[in-house]
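The next block holds one structure in the form of structure tokens; read it before the comments.
The values are calculated or read from the model by the stated rules, or taken from the named source; none is laboratory data. Just so it is clear, the structure is predicted and the values come from calculations on it, not from any experiment. When we count neighbours, we look across all protein chains shown, and the Cβ atoms used for this are built from the backbone with ideal geometry, even at glycine.
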Amino acid sequence: MAGAVPLSGPRFEADPATLYRELRREHGPVVPVTLAGSIPAWLVIGYRELHQITGDAGLFTRDSSLWNQWDNIPSNWPLAPMISRDQPSVLYTVGERHQARAGMISDALEGVDPFELRRYAEQFADGLIDAFCTSGGTDIISRYAMLLPVRVIAKLFGVPDDQGPELVTAMVDMIDGGPRALAGQQHVQRTVMALIEEKSRFPGPDVASLMLGNTQGFSAVDAAHDLMVMATAGHQPTADWIGNTLRLMLTDDRFTASLSGGRHSVAEAMNEVLWEDTPSQNIAGRWAARDTRLGGRAVAAGDLLILGLAAANADPQVRTDASVLTGGNNAFFSFGHGEHRCPFPAQEIAEVIARTAVEVLLDRLPDIDLAVPAGDLTRRPSAWLRGMTALPVTFTPTPALGPAPATGGPR
């Protein structure tokens, strides 16, 4: 496509907001882009256009078999974990079958006890903080934000907690779409398949067992693929939500003044991050079921459309007033839209984990502060998920609360 923009590079890391504004000015709401290997696609950055394609599952489908580029995709393509032809997960099912499968997942997640969820999150948070609270300084990303969500998710799903650290590395590699993406995908897949085997024989009060007990015609292998999607989609965006929220609260005067004065700003900071600095920047995707037009562009049957969630959140056609960030306005696209959006129970779980992580950290280390100038902070080099590479902080050393939780589960 003429004038196509590579969906990669340092500008997505350094200043994507400015880049999206330039793309909107030069190309309009639908931007021709190229993926790794010069594969063409469309990046949808208009709020109304994104609402249109996510709300019309017939014309803009999740059926990836329609893609007109499969003959050009190499076997070792780094984006294969995100854009699959053969993966039989809920991501790629459509119609009534998708609705049944999504309902099965929602039912399993609704079985999570909210009080136990909060307790697990608090106990794992305390255990992680105990490991560095006496030192007076640490990197909050690598030693806290990147470890907590997967520990909680693993516990909810029934995965042994000691497998959490390796899962973190594998999930990050898989989602970032780099050279280690395929190896990361294989590690996550092996872990989940082992879990399904275990829970098929010895079910328990966990999400994996609930899914296996309510298959609605889906196989154990289908459940494994869906658990893999749920774990990946649940961990990394939540870790980045924690990191991006703490970055905001430690660098913005509107929040820094309240760090030691209560937690009333945590919810506001989390909501603002979903509007302004959402972890899920760009998501693949939808495929055009037939020739059509979108945002003034001629979209051919089988074309891939990338969901530009972050850019759509900032669309000046809908963001006409800064007050959109206040009062709990959640009209952002950060959890998607339409029948393939993130299930509501999953959103609630992510919010509980992220909010608990921020609150417990601020309670335990009330004078926490950045250890470097804010301008020195950097982001991971990914056009897909936006998160911090590190968040070095200092604080007054405090005693640990007690021994960390045992590897078999929280205290």
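A few comments on the model shown:
- If the condition is being aliphatic (A, V, I, L, M) and closer than 16 Å to residue 332 by Cβ, then segment 24-51 contributes 44, 45, 50.
- Between 18, 54, the distinction of being under 22 Å from residue 334 (Cα atoms), β-branched (Val, Ile, Thr) and surrounded by fewer than 17 Cβ atoms within 10 Å (Cβ to Cβ) belongs to 18 only.
- Picking from residues in segment 111-144 that are under 30 Å from residue 205 (Cα atoms) and of a type in the set (Val, Ile, Thr), the one that is farthest from the chain's Cα centre (by Cα) is 129.
- Residue identified as at pLDDT 90 or above and closer than 21 Å to residue 139 by Cα among 297, 247: 247
- Some residue of segment 316-339 being surrounded by fewer than 20 Cβ atoms within 10 Å (Cβ to Cβ), at pLDDT 95 or above, of a type in the set (A, V, I, L, M) and more than 25 Å from residue 242 (Cα to Cα): no
- Contact map, segment 335-346: residues that are within 19 Å of residue 310 (Cα to Cα) paired with residues that are of a type in the set (D, E, K, R) and part of a loop (DSSP other than H, G, I, E, B), Cβ distance under 9 Å, separation 6+ or inter-chain. Pairs shown: 335/341; 338/56; 340/62.
- Of the residues making up segment 45-90, those that are part of a helix (DSSP H, G or I), aliphatic (A, V, I, L, M) and more than 20 Å from residue 222 (Cα to Cα) are 50, 53, 66.
- Filtered by the rule that a residue be surrounded by 14 or more Cβ atoms within 10 Å (Cβ to Cβ) and small (Gly, Ala, Ser), segment 214-231 gives 220, 223, 224, 231.
- Matching option when the condition is surrounded by fewer than 19 Cβ atoms within 10 Å (Cβ to Cβ) and among the aromatic types (Phe, Trp, Tyr), among 157, 124, 115, 132: 115
- On the stretch given as segment 139-154, residues that are assigned to a helix (DSSP H, G or I) and surrounded by fewer than 22 Cβ atoms within 10 Å (Cβ to Cβ) total 2.
- Condition broken by residue 103, with the remaining ones in (1) outside any loop (DSSP other than H, G, I, E, B); (2) out of contact with any Pro (no Cβ under 8 Å at 6 or more places or on another chain); (3) surrounded by 20 or more Cβ atoms within 10 Å (Cβ to Cβ) satisfied: (3)
- Of the criteria (1) loosely packed, with under 15 Cβ neighbours inside 10 Å; (2) more than 26 Å from residue 226 (Cα to Cα); (3) in contact (Cβ under 8 Å) with a residue 60 or more places away in the chain; (4) more than 22 Å from the chain's Cα centre (by Cα), which one residue 71 fails: (3)
- Residues being under 21 Å from the mean Cα position of the chain (by Cα) and over 15 Å from residue 314 (Cα atoms) - total across segment 43-57: 3
- Scanning segment 53-69 for residues that are at pLDDT 95 or above and out of contact with any strand residue (DSSP E or B) (no Cβ under 7 Å at 6 or more places or on another chain) yields a single hit, 68.
- Every pair of residues 6+ apart whose Cβ atoms lie under 9 Å, when the first sits in segment 85-105 and is touching a residue at least 60 places away in the same chain (Cβ under 8 Å) while the second is assigned to a helix (DSSP H, G or I) and basic (Lys, Arg): 89/101; 90/101
- Test: residue in segment 41-64 that is touching a residue at least 12 places away in the same chain (Cβ under 8 Å) and more than 30 Å from residue 99 (Cβ to Cβ): no
- Within segment 192-208, residues that are surrounded by 14 or more Cβ atoms within 10 Å (Cβ to Cβ) reach partners that are of a type in the set (Ser, Thr, Tyr) and modelled with pLDDT of 90 or more with beta carbons closer than 6 Å, at six or more positions or on different chains, in the pairs 199/209; 203/209.
- Of residues in segment 106-130 being outside any helix (DSSP H, G or I) and touching a Leu at 6+ places or on another chain (Cβ under 9 Å), the one modelled with the lowest pLDDT: 111
- The residue that is farthest from residue 119 (Cα to Cα), among those in segment 155-191 that are free of Cβ contacts under 8 Å to residues at least 24 places away in the same chain and aliphatic (A, V, I, L, M), is 183.
- Within segment 340-384, restricting attention to residues that are among the charged types (D, E, K, R) and part of a loop (DSSP other than H, G, I, E, B), the residue that is surrounded by the fewest Cβ atoms within 10 Å (Cβ to Cβ) is 367.
- Among the conditions (1) surrounded by 20 or more Cβ atoms within 10 Å (Cβ to Cβ); (2) among the hydroxyl-bearing types (Ser, Thr, Tyr); (3) free of Cβ contacts under 8 Å to residues at least 40 places away in the same chain, residue 34 misses just one, which is (1).
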